[in-house]
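Working notes for the structure below.
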Amino acid sequence: LSSLYVCSFLSLLRCVSAFFIFFLMIRRPPRSTLSSSSAASDVYKRQYQRRVRGELDGRMVVEYKDLPYNEQRIAEDLKQMVEKHELNQTLTSAVNAAFEARSSDPLAFIGNYLSQRIDRPPQICQLIAERVLGADCQESAQFKLVCSVNGIPKPFSTTAALSLAQFACPAAAEEAEPALEEGEEPPRPPSAEQLFTEAVGPAAALLGLDPRDQEGGDNAIAGLGLHPAVGFALSTGLAEAGARMSSLLEYKEVEAYAHLQTIWQVDSPAMPALMVPVMSCGGLKNMRVDLIVNRVKHGFMEALQISQKVVAALKAIDGSEYNGTTGVFKAPDAPPPDAKNKEAKPGHDVIGDALGMIEQAVSAAELLVLEDVSFCVTVNATDGQYTAIEVEATEEEEGVPAVLAHTNYTYSVCPNASGAGGAACEMSTESMVEYYGRLLEAHPGVQVLVEPLAIRDVDGWSRLMEMLQERTGGETLVAGEGLYGNDPEGVTRAGHLASEKDVPWASVVVANPTKLVTVSAAATLAHAVHEWKGRMIWDLVCEDGCPTSADIAVGIGADYVRLQLPTPATVPKYNRYAFLERVLQ
């Protein structure tokens with residue numbers, strides 16, 4: 001036995017078989033003990049002796065497959081354990097440390113070296129940022145989080161941000177450019193390399209943090225002032241690193257979604273319903289229609305196939321115009337106004353036209369509206385598509401009642417009423433609410449209306465919610481993104497007020513990952529939404545193929561996830577959703 005210790009130690013110094021010493025340092029149990037460690041030790045000792053002899057039953061012993069079946073199985077299990085926990089690297093570093101210290105008792109030194117590192121907490125020890133080409137063949141940034149476990153550094157996650165061209169935050173529209181003096185040249189926009197350098201420089205604040213502490217790491221990321229795309233990429237990488245670290249320390253496989261679910265105590269994670277953008281631009285301008293597949297009836301990957309069938313059927317309809325880059329159809333344009341007709345007339349219903357074409361495609365795909373699919377209409381009325389007119393208060397006069405100070409809102413979103421000569425006219429709040437009522441009667445498949453009115457149009461929101469309650473019984477939901485500004489406190493106030501007055505509210509919240517910046521911010525918002533029985537839409541990030549973002553959607557309990565149909569860049573994320581669906585089932 002002592003000769004085997006010597007041989008094993010020499011082999012460790014030569015870095016040929018660093019893990020042998022792990023088994024030889026364990027006290028051998030009695031022969032009568034039928035333990036796996038005893039069997040494993042015997043297998044490796046016999047294997048070592050056979051390799052010294054150079055043959056087994058007249059054959060040369062080269063690989064595990066040359067051993068008897070039972071020994072081969074045990075040896076393979078041990079090999080997997082050694083590779084998974086990186087015993088080679090750990091023991092090699094211990095031997096190197098003993099050699100550098102010129103220890104007179106190497107075994108005692110190695111034992112002390114390892115025991116000092118067992119209780120050392122894991123931490124992020126290095127952040128590596130590289131400029132690479134993404135799956136969309138555009139310049140991108142790749143981030144690697146290197147963490148130390150028991151003093152041994154190891155890469156724990158690799159994530160990619162959006163293309164570097166998207167790193168620059170556009171200036172606000174209301175910000176006027178400074179006047180230039182005579183002969184002065186306008187400032188040049190920063191290059192992608194400059195943006196990259198400025199983005200990753202402050203990220204050293206993450207060093208020394210425990211990768212499992214998602215909230216602590218996200219707080220550090222939020223305070224760095226990084227571009228949202230970079231911040232979200234780092235936060236996503238932190239979630240992946242935290243899950244892998246938990247797997248290593250808990251001796252079991254911990255998926256990223258389960259890691260996040262544990263942190264924020266999400267009960268019974270489930271797959272979100274798939275929401276696919278189908279039609280936009282054209283007559284819809286900045287509005288959009290999404291296809292929602294019933295998640296109760298159809299699984300996630302089946303929902304993807306249904307979406308592809310509807311898109312294929314839509315391509316065959318006359319007048320459809322497909323944009324292969326965005327994966328969205330261009331909505332039909334409204335007919336030009338008749339300048340000769342001086343009479344006022346209702347505006348053209350481009351939303352109704354778009355819904356009609358999609359319903360035709362659904363029927364051609366042999367699917368049923370409401371039973372298989374429904375629709376989400378994003379109006380974006382809060383995005384400057386209205387005019388607010390302040391009305392001053394007046395005192396009561398003879399025959400004229402007093403008027404309180406208030407604001408009248410008129411909307412330029414579809415449908416615009418055409419006035420004399422075909423000129424477009426804005427619509428009042430009352431007219432918009434009436435229009436939504438007619439739209440839902442004609443197209444009952446509309447399940448969600450996003451941003452249908454201006455944020456501060458309080459009277460309009462009250463009328464709209466009353467109308468939806470009367471006509472649909474609350475089946476049609478109202479969603480807001482700018483309405484709440486990704487603020488959990490705003491969601492809580494709205495939910496609390498609706499609960500007190502027992503009235504419906506805009507209970508669907510659109511969560512944009514790049515606006516929230518960190519996973520913790522998204523989870524906090526999701527908690528506020530679900531606390532008041534609301535629903536969350538995990539919004540689209542163009543060409544985002546990061547698989548961990550799928551874990552985030554499931555881990556925080558998103559009810560819908562808006563995704564483009566698969567592209568080469570987003571295939572990894574779709575594959576991750578498919579894997580999570582199998583795990584949850």
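The values are calculated or read from the model by the stated rules, or taken from the named source; none is laboratory data. Fair warning: this is a prediction, and the values are worked out from it, not measured in the lab. Here the Cβ is made from the backbone with ideal geometry for all residues, glycine too, and neighbour counts use every protein chain on show. Side chains included, ligands, DNA and RNA excluded: accessible areas come from the protein's heavy atoms. Shrake-Rupley method; radii C 1.70, N 1.55, O 1.52, S 1.80 Å.
Of note, residue 521 does not satisfy the criterion of being over 22 Å from residue 564 (Cα atoms) and either modelled with pLDDT under 90 or among the polar types (S, T, N, Q) (or both). Name the single residue, out of those in segment 537-585 being in contact with a helix residue (DSSP H, G or I) (Cβ under 6 Å, 6 or more places away or on another chain) and of a type in the set (Val, Ile, Thr), that is farthest from residue 261 (Cα to Cα). For segment 537-585, the residue satisfying everything is 541.
Evaluate the following for residue 450: is it modelled with pLDDT of 75 or more and in contact with a Gly (Cβ under 8 Å, 6 or more places away or on another chain)? Against the criterion (modelled with pLDDT of 75 or more and in contact with a Gly (Cβ under 8 Å, 6 or more places away or on another chain)), residue 450 qualifies. Here is the figure for segment 531-561: residues that are in contact with a Lys or Arg (Cβ under 8 Å, 6 or more places away or on another chain), open to solvent by less than 30 Å² (accessible area, probe 1.4 Å) and within 19 Å of residue 229 (Cβ to Cβ) total 9. Any residue that is in a helix (DSSP H, G or I) and either at pLDDT below 85 or not hydroxyl-bearing (Ser, Thr, Tyr) (or both) - is there at least one of those in segment 317-337? Among the residues of segment 317-337, not one is in a helix (DSSP H, G or I) and either at pLDDT below 85 or not hydroxyl-bearing (Ser, Thr, Tyr) (or both), which makes the answer no.
Scanning segment 262-279 for residues that are part of a helix (DSSP H, G or I) and either without any contact (Cβ under 8 Å) to a residue 40 or more places away in the chain or under 26 Å from residue 564 (Cβ atoms) (or both) turns up just one, 262.
Considering only residues in segment 80-105 that are part of a loop (DSSP other than H, G, I, E, B) and farther than 19 Å from residue 247 by Cα, the one that is most open to solvent (accessible area, probe 1.4 Å) turns out to be 102.
Could you tell me whether residue 573 is assigned to a loop (DSSP other than H, G, I, E, B) and without any contact (Cβ under 8 Å) to a residue 40 or more places away in the chain?
On the way: assigned to a loop (DSSP other than H, G, I, E, B): no; without any contact (Cβ under 8 Å) to a residue 40 or more places away in the chain: yes.
Here the answer is no, as residue 573 does not meet what is asked.
Taking residue 390, is it in a helix (DSSP H, G or I), open to solvent by 80 Å² or more (accessible area, probe 1.4 Å) and modelled with pLDDT of 65 or more?
No; evaluated as a whole, the condition is false for this residue.
Candidates 493, 471, 463, 438: the one that is surrounded by fewer than 21 Cβ atoms within 10 Å (Cβ to Cβ), free of Cβ contacts under 8 Å to residues at least 60 places away in the same chain and farther than 27 Å from residue 284 by Cβ is 493.
Contact map, segment 280-309: first residue open to solvent by less than 50 Å² (accessible area, probe 1.4 Å) and at pLDDT 90 or above, second residue of a type in the set (S, T, N, Q) and in a helix (DSSP H, G or I), Cβ cut-off under 7 Å, separation 6 or more or different chains; pairs are 291/307; 293/307.
Contact map, segment 73-99: first residue free of Cβ contacts under 8 Å to residues at least 24 places away in the same chain and over 18 Å from residue 249 (Cα atoms), second residue among the hydroxyl-bearing types (Ser, Thr, Tyr) and not in a helix (DSSP H, G or I), Cβ cut-off under 9 Å, separation 6 or more or different chains; pairs are 97/103.
Looking at 241, 204, can you tell me which residue is in contact (Cβ under 8 Å) with a residue 24 or more places away in the chain, surrounded by fewer than 23 Cβ atoms within 10 Å (Cβ to Cβ) and either of a type in the set (A, V, I, L, M) or in a helix (DSSP H, G or I) (or both)? Walk me through it before giving the result.
On the way: 241 fails: surrounded by fewer than 23 Cβ atoms within 10 Å (Cβ to Cβ).
Checking each option against the conditions leaves just 204.
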